[in-house]
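The values are calculated or read from the model by the stated rules, or taken from the named source; none is laboratory data. Please read these numbers as outputs of a predicted model, since none were measured by experiment. Positions of Cβ are generated from backbone atoms using ideal geometry, with glycine treated the same way; all protein chains shown enter the neighbour counts. Surface areas here come from the heavy atoms of the whole protein model, side chains and all, with no ligands, DNA or RNA. Shrake-Rupley method; radii C 1.70, N 1.55, O 1.52, S 1.80 Å.
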Amino acid sequence: MLIGMTSEPEQQIGVGTPDAFQRLWTPHRMAYIQGQDKPSGPGAEDGCPFCSIPAKSDEDGLVVARGEHVYAVLNLYPYNGGHLMVVPYRHVADYTELDGPETAELADFTKRAMAALRAASGAHGFNIGMNQGSVAGAGIAAHLHQHLVPRWGGDTNFMPVIGHTKVLPQLLGDTRAMLAGAWPAE
């Protein structure tokens, strides 16, 4: 059982008019919301994982592909198998801080990531986006990164909601190797 959670729902008197909705309380997410274990500063020495990943081997850093200005890396906490991110090497927080070559390569890597995910896993569609700033949901707001989440028809189920479990069909290292092998050449 998670710390601070009870096994039975607690009746809250005086909190509003009863309705037909049940509530799923997730107090364990407060650590994330409050910023626990987020990087403390701007560089790799301050805990920025996006600054330290490029120094690692592709296998250890889960890097799928490297460019001159950006790299593609698997998400350690994926929404779906194959969830990756395109990240500039330069430590910038905002999309408007990218220069022309960085912007162009980020767009090119996004297209190539989509092609690799389609070739390797038969993705039917994608959720692609950036959360700019912590108030917009960026887990690591200090270093820009764009998410690419592959989607398939019927890929949602009850496991994350009811079982607090994500079903991922492949280990991250195997996913990295599969996508690196499918990564299109320039």
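The figures follow:
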quantity	calculated
Percent carbon-and-sulfur accessible area, region 44-182, ignoring ligands, DNA and RNA, probe 1.4 Å	57
Thr110, Thr103, reordered so the largest accessible area comes first (probe 1.4 Å)	Thr103, Thr110
If the convex hull is drawn through the Cα atoms of region 44-182, its volume per residue in Å³	117
Accessible area expressed per residue, region 44-182, with surrounding protein chains retained (probe 1.4 Å, Å²)	50
Accessible area, probe 1.4 Å, largest first, for residues Glu105, Glu59, Glu97	Glu59, Glu97, Glu105
Only Lys, Arg (+1) and Asp, Glu (-1) charged, at Cβ; region 44-182 dipole about Cα centre in debye	560
Relative contact order (%) - criterion: Cα under 8 Å, at least six apart; region: region 64-135	27
Rounded accessible area of Met130 (nearest 10 Å², 1.4 Å probe)	50
